[in-house]
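Working notes, structure below.
Quick note: the coordinates plus some simple rules give every number you see, no bench work behind them. All of these numbers come straight from a predicted model, not from anything done at the bench. Glycine also receives a Cβ, built like all others from the backbone with ideal geometry; neighbour counts cover every protein chain displayed.
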2 protein chains.
Amino acid sequence: LTLESVLQAAVGPAHVLLDADLRASYETDWTGRFSGVSRAVVRPAGTEQVAQVLAACAEADVPVVVQGGNTGLVGGGIPDPDQSDRPPVLLLTTRLTELGEVSPVSRQVTAGAGVRLAALAAHARAAGLDFGVDLAARDSATVGGMLATNAGGIRVLRYGSMREQIAGVEAVLIDGQIISRLEAPVKDSTGYDIGHLLAGSEGTLAVVTRLRLRLVAAEHTRAVALVAVRDTADAAGLLAALRGELPGLCAAEISFRPGLELVARYLGVPEPLADAGGQARVLVEHAAETGPLDELLTALGKCDQVLDATVADSPADRARLWQLRESHAEAISAAGQPVKLDVSVPPDRLAELVARLPDAVGTVRPDAGLVIFGHLAEANLHVNVMGAADSFEEVSGAVLGLVASLGGSISSEHGVGRAKARWLELSRSPAEIGVMRSIKAAFDPRGLLNPGVLLNGHDRNR
Amino acid sequence: LTLESVLQAAVGPAHVLLDADLRASYETDWTGRFSGVSRAVVRPAGTEQVAQVLAACAEADVPVVVQGGNTGLVGGGIPDPDQSDRPPVLLLTTRLTELGEVSPVSRQVTAGAGVRLAALAAHARAAGLDFGVDLAARDSATVGGMLATNAGGIRVLRYGSMREQIAGVEAVLIDGQIISRLEAPVKDSTGYDIGHLLAGSEGTLAVVTRLRLRLVAAEHTRAVALVAVRDTADAAGLLAALRGELPGLCAAEISFRPGLELVARYLGVPEPLADAGGQARVLVEHAAETGPLDELLTALGKCDQVLDATVADSPADRARLWQLRESHAEAISAAGQPVKLDVSVPPDRLAELVARLPDAVGTVRPDAGLVIFGHLAEANLHVNVMGAADSFEEVSGAVLGLVASLGGSISSEHGVGRAKARWLELSRSPAEIGVMRSIKAAFDPRGLLNPGVLLNGHDRNR
């Protein structure tokens, strides 16, 4: 029996894509930067089928790469181009779309790894609740991929990252064994928490098939303001002041004039606050039971960092302001393939990072452009270097080196993937990497799961 | 060089206790149930000294048991009595008492593993903040031990367990390597989160030396009520109703008349609500900026589960009501050595657990008494079986079996320790235990850290 025939028996012939044309769209990522060839693209429909696929691959000693919405930005769901002599099975979570009933008592729901973020949020809202994580790729990102990268997004300051939403996890080990701990007791202290370990593990330890997710209370009324401030330091000062004033603050996003100009051109709308002066813009969202707009205006009135502001409380107006922030990635991609880096620093170093980025990039590519935006509270910046796609390694090295010198993280929310595996030691110590390597070997001794991602690439680069 | 001389050189001769009399108080736990002999009791003063102690023990192939406040209830910090032919070094965290400055911006503080909970809370309050975890053993429990067991306590419904308070962890591996990730960026997605893995690992993977802890906003005004209700089902109904009414609800503890009678006798005070009828009592605490007592009374007025209630808002009166709840463990111990079990079930099974406990215990010890209390929101009960200390195994098996049959956890917040290692498979599947065993081997291949605790005891019982 060939591996292909075993896979076809497990998931049905229609869900084993062998033809190169059918496989192609899954073998390249959203940015177009990462490509690799797979042996087959397989779409299992449930946990048992995932178990059969993994067991068959393990038996045949064939690697497995897991792919969710394929909107990750670090190549974590794409076959390793350096191992084309040993193409992996590409396991899609597309059909793991079970979405259970919302429990109003526990405020939890069970979701398949392939459930899209937008579908989960709509499901939670239909039950009078909401999901705590939100991000611009909500229509394509899957909850399984979000767990695998410990995704953050625009509401981390209120609800935390993906890890904080996890009440239970079901996953399949490389040998096909199922670990299921979905409706665990609320409080449990019986040894190592494997589900938490899988948060941020990028498919290198096990394949997550279902998640038990915490939901949050729905916020009924919200108000949004886009605020012009002089610079990053004033943006940080504004946030600190607003946090003291507004217990319902739920988002604080930073962008800059060059990015907003690009987005406005891309969307064909006027740049807001174009005449307000200052280089930085902060989008804040505040939720309250009644009168969030009044509270937001009162709070902003007390902050002398505010140069000018535009506010919104109707859904349509709020969406217009959010669109300016959330269209950054699309507008950037439309302008050409950027070098995209997702980094964070200790909050008190954010202004310094922003100030020093142009020089860091200019040293290796004086001709490159820079578009920056991100999550202010976590000092998490999405750094896009424009017109330098052919200098990916040099530009990445320069930016990540600067971030590390400021005590920051080389990946704040996208994961390490293939893109940053060779720079892992900038964020993690040799002792930590040693432990990570041991944990990897404990779960996956033959290195079959997502080879080249996170640690394995690091291995190869030694 | 003997191990003893190496240890003395590392931590100073005064901090290596070799004399049996000096060692004795550390070799028996608070309940008196767990005892074991150590080779030496060692008190390192900082991370570097811990590293030297572990490296020396690893070199000499001598096991290491870690002890915090010695208030754990499952023998996790006591040498294994079954391995008296190979006595371990008993490593105390007593001198790891560094307590850093509170950062008002990040709302975090760095604390040594040996810092007592009460000292941490006082330190946080002096800076206008508070620590999110609180429990009755606050004067003796250490934050390191609390992390090792993922301790819960009386405020879990508001702030979560110990795991949720962790922003960073420093720990030492068995070979003496230090893993330090204390002031990590707010949001970080660079691989496996080793700190989270250590939460609940009970000293079997590494020795935690320092913690970076999240603090919470201080609650300035609180009100407490002790409420008489008919039974467990009504207690759960009351909590569900209050959660909807009181966003500032911060504790909901359940106790029962036999326990309250015992505590009142022990304290020499009258039993409160003695004539109110009903068997269950719920202590609720509510915090609000202004007028928490009025809000609490209004909310209670809407709940038809309330048979009677006594309320308090002055600090002294609140303390009196809390004392009735928090003196349970002491009053029970004063009445004789109980079989103490810490369990939880899915919240909708709590009433069934309470109803079936007397029969489960009665089957193995018809003469035993039963005192129950615990944390209502997490359906976490502390089950104390009185007058049956000589039937520990049979009573434990009966209670834990019942809990497992209801889909519960055999350890909700105390950990598995030595006490429950042989019952681990009631809460964790063979696949999970297999993974836990692999993780253990990855960190500690020779099984030198806390042998007999959590998994190792399980090994031996196979």
Calculated from backbone phi, Karplus (6.51, -1.76, 1.60) coupling profile of the range A:197-210 in Hz, x at Gly/Pro: 5, 6, 5, x, 8, 6, x, 8, 10, 6, 9, 6, 10, 9
Sorted from largest down, give the three principal axis spans of the alpha carbons of the range A:159-310, whole angstrom values. 61, 35, 27
Dividing the convex hull volume of the Cα atoms of the range B:231-288 by its residue count, what figure in Å³ per residue is obtained? 89 Å³
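So what is the relative contact order for the range B:262-329, in percent, with contacts set as C-alpha pairs under 8 Å and at least six apart?
On the way: 27 pairs, mean separation 29.1, N = 68.
Computed value for the range B:262-329: 43 percent relative contact order.
Sorting A:Thr290, A:Thr190 on the 10 Å Cβ count, fewest up front, what's the list?
Numbers: A:Thr290 8, A:Thr190 25.
Placing the least packed residue first, the sequence is A:Thr290, A:Thr190.
Once you compute Rg and the Kirkwood Rh from C-alpha atoms, what is the Rg to Rh ratio for the range B:325-379?
0.97
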homo-copy label distances at B:Gly434 (7 angstrom along Cα-Cβ), nm, one dp, ascending, are 2.9
Starting from the eigenvalues of the Cα gyration tensor, five times each then square-rooted, give me the equivalent ellipsoid semi-axes of the range A:371-416, largest first, whole Å. 18, 13, 9
Can you check what the Kirkwood hydrodynamic radius comes to for the range A:88-143, Cα pairs only, in Å to one decimal? 11.8 Å
Of A:Val385, A:Leu321, A:Phe373, which is farthest along the charge dipole of the range A:321-396 in the positive direction, counting Lys and Arg as +1 and Asp and Glu as -1 at C-beta? A:Leu321
Could you give the C-alpha radius of gyration of the range B:1-78 expressed as a fraction of 2.2 N^0.38 Å, taking N as the number of residues it contains? 1.09
Given the DSSP H assignment, sum -39500 (n - 2.57) over each helix run of at least 4 residues in chain B and divide by its residue total; what's the result at 222 nm in deg cm²/dmol, nearest 500? -9500 deg cm²/dmol
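Quick check on packing: order B:424-434, B:105-115 by the mean number of other C-beta atoms within 10 Å, highest mean leading.
Numbers: B:424-434: 18.2, B:105-115: 21.5.
Highest to lowest by the protection proxy: B:105-115, B:424-434.
Any chance you could tell me what percent of the C-alpha pair distances in the range B:370-462 go past 15 Å?
65 percent
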Which net charge results for the neighbourhood of A:Val42, defined as the other residues with beta-carbon distances under 15 angstrom from its beta-carbon, given Lys and Arg at +1 and Asp and Glu at -1? -1
From the C-alpha coordinates alone, can you work out the Kirkwood hydrodynamic radius of the range A:93-243, in Å? 16.5 Å
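Given the convex hull over the Cα atoms of the range B:297-366, what projected area results after averaging over all orientations, in nm²? List each step's numbers first, then the result.
Working: hull surface 29.8 nm².
With every direction weighted equally, the projected area is 7.4 nm².
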Hand me the GluC sites (Glu not before Pro) from the range B:279-360 located in a DSSP loop with no more than 11 other Cβ atoms within 10 Å, in residue order please. B:Glu289
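What's the average, rounded to a whole number, of partner chain beta-carbon atoms within 10 Å of each residue's beta-carbon in B:171-178?
Details: counts 2, 1, 4, 0, 2, 1, 6, 3.
The mean count of partner-chain Cβ atoms within 10 Å per residue comes to 2.
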Plugging the Kirkwood radius over Cα pairs into Stokes-Einstein for chain B, at a temperature of 10 °C and a viscosity of 1.306 mPa s, what D comes out in µm²/s? 69 µm²/s
In percent, how large is the relative contact order of the range B:1-129, given Cα pairs closer than 8 Å and 6 or more residues apart? 23 percent
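Count, for each residue of A:198-211, the Cβ atoms from other chains sitting within 10 Å of its Cβ, then give me the mean as a whole number.
Details: counts 2, 4, 7, 3, 3, 0, 2, 2, 1, 0, 0, 0, 0, 0.
For peptide A:198-211, the averaged partner shielding equals 2.
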Net charge near B:Leu18 (other residues with Cβ under 10 Å of its Cβ; Lys, Arg +1; Asp, Glu -1) is 0
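Under the definition of Cα pairs under 8 Å and six or more residues apart, what whole-number percent is the relative contact order of chain B? Write out the running numbers ahead of the final one.
On the way: 992 pairs, mean separation 70.6, N = 462.
Relative contact order, chain B: 15 percent.
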Globularity ratio of the range B:179-245, using Cα Rg and 2.2 N^0.38 Å: 1.84
Per the 1/(1 + (r/R0)^6) rule, R0 = 60 Å and r from the Cβ atoms of A:Asp348 and B:Glu330, FRET efficiency to 0.05 is 0.85
Unit-weight point scatterers at every alpha-carbon of the range B:124-168, Debye formula, q = 0.21, 0.31 1/Å: log10 I(q)/I(0) is -0.70, -1.25
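Exceeding 25 Å between C-alpha atoms, which entries from my cross-link table qualify? They are A:Lys187/B:Lys340; A:Lys420/A:Lys440; A:Lys187/B:Lys420; A:Lys187/B:Lys302; A:Lys187/B:Lys440. Provide the component values of the computation, followed by the final result.
Numbers: A:Lys187/B:Lys340 17 Å; A:Lys420/A:Lys440 18 Å; A:Lys187/B:Lys420 17 Å; A:Lys187/B:Lys302 29 Å; A:Lys187/B:Lys440 22 Å.
Too far apart for the 25 Å limit: A:Lys187/B:Lys302.
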Determine the distance separating the Cα centre of the range A:171-219 from the Cα centre of the range A:1-15; give it in Å without decimals. 28 Å
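How well do other chains shield peptide A:341-354, expressed as the mean number of their Cβ atoms within 10 Å of each residue Cβ? Before the final figure, lay out the partial values.
Numbers: counts 0, 2, 1, 6, 2, 6, 5, 3, 1, 0, 0, 0, 0, 0.
If you average over the peptide's residues, the count of other-chain Cβ atoms is 2.
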Label position 7 Å from Cα toward Cβ: report the copy-to-copy distances for A:Ser106 in nm, one decimal, ordered from shortest. 3.4
Label-to-label distances across copies for A:Gly160, with labels 7 Å out along Cα→Cβ, in nm, shortest first? 0.1
Which log10 I(q)/I(0) values, to two decimals, does the protein assembly as shown give at q = 0.08 Å⁻¹ under the Debye formula with one point per Cα? -0.77
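Kindly provide the Kirkwood hydrodynamic radius of the range B:233-343 in Å, to one decimal, from all pairs of distinct alpha carbon atoms.
15.0 Å
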The convex hull of the Cα atoms of the range B:301-444, divided by residue count, gives a volume in Å³ per residue of 172 Å³
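Given N residues in the range B:43-158, what is Rg(Cα) / (2.2 N^0.38 Å)?
Working: Rg = 15.9 Å, N = 116, 2.2 N^0.38 = 13.4 Å.
So the range B:43-158 has a normalised radius of gyration of 1.19.
Quick one: dipole size for the protein assembly as shown, taken about the Cα centre, charges +1 on Lys/Arg Cβ and -1 on Asp/Glu Cβ, in debye to the nearest 20. Intermediate results must be reported in sequence, preceding the final value.
Values: 82 positive and 110 negative charges, 147 e Å.
Charge dipole of the protein assembly as shown: 700 debye, to the nearest 20.
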